[in-house]
Amino acid sequence: MGWVTGGSQSGLNDMLCQQCKKQTATVHLTDLVKDEKRERHLCEECAAREGIAVKQHVSINDVLNSFLMSQSSVQELAKLKCPQCGMSFVEFRSQGLLGCPHDYDVFGRALANVIERAQDGQTRHTGKSPGQVVQVDPAQQERLKLQRELRDAVDKEDYERAAQLRDRLEELQSQ
């Protein structure tokens, strides 16, 4: 008799797969054999090769974004993309973060409702005092750009490019 648990348990998050020793173990099995408990920790690929079905988790954000994208006005917004950082409105909705200060102008109409909710009914920022120079972190902008390019490469099944982008992201994160 075996038990399968997800990978979000404390202490199990960073464990490598015991079979391939390459990927993070996200499938954790506990087998009882003759009253002896045996634990195995596998990545999803190795678990699938062993015939263990792993239930995929669906993010509530993905469900909501799918619903919103079905609305015609949102489909128009989905076409918007910042010429400076490349951030699309769909990416903003899924991440909750803008890519650069120019996004406020590009997505201005669509951001009005978001800003109003965040600012207790105000349509202009009511937090820090104006006049302060906002420094955009170039490393953060580069990471966001690389993450977008990585998603695009995977979507296009350009795995060689995706591997290069992944490696570049890892370099940036280790700095």
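The values are calculated or read from the model by the stated rules, or taken from the named source; none is laboratory data. Predicted model, so just to flag it, every value in this text is computed and none were measured. When we count neighbours, we look across all protein chains shown, and the Cβ atoms used for this are built from the backbone with ideal geometry, even at glycine. When the accessible area is computed, the model is the full protein with side chains, heavy atoms only, and any ligands, DNA or RNA have been set aside. Shrake-Rupley method; radii C 1.70, N 1.55, O 1.52, S 1.80 Å.
Between amide H atoms placed 1.01 Å from N, distances below 5 Å from residue 16 occur with 25, all of them 5 or more places distant or on a separate chain. Label sites at residue 155 and residue 139, each approximated as a point 7 angstrom past Cα along Cα to Cβ, lie 2.8 nm apart. Estimated at the nearest 10 Å², the accessible area of residue 116 is 80 Å² with a 1.4 Å probe. Using 0.36 nm per residue and subtracting the Cα-Cα separation, the extra length available between residue 34 and residue 173 on full extension is 45.5 nm.
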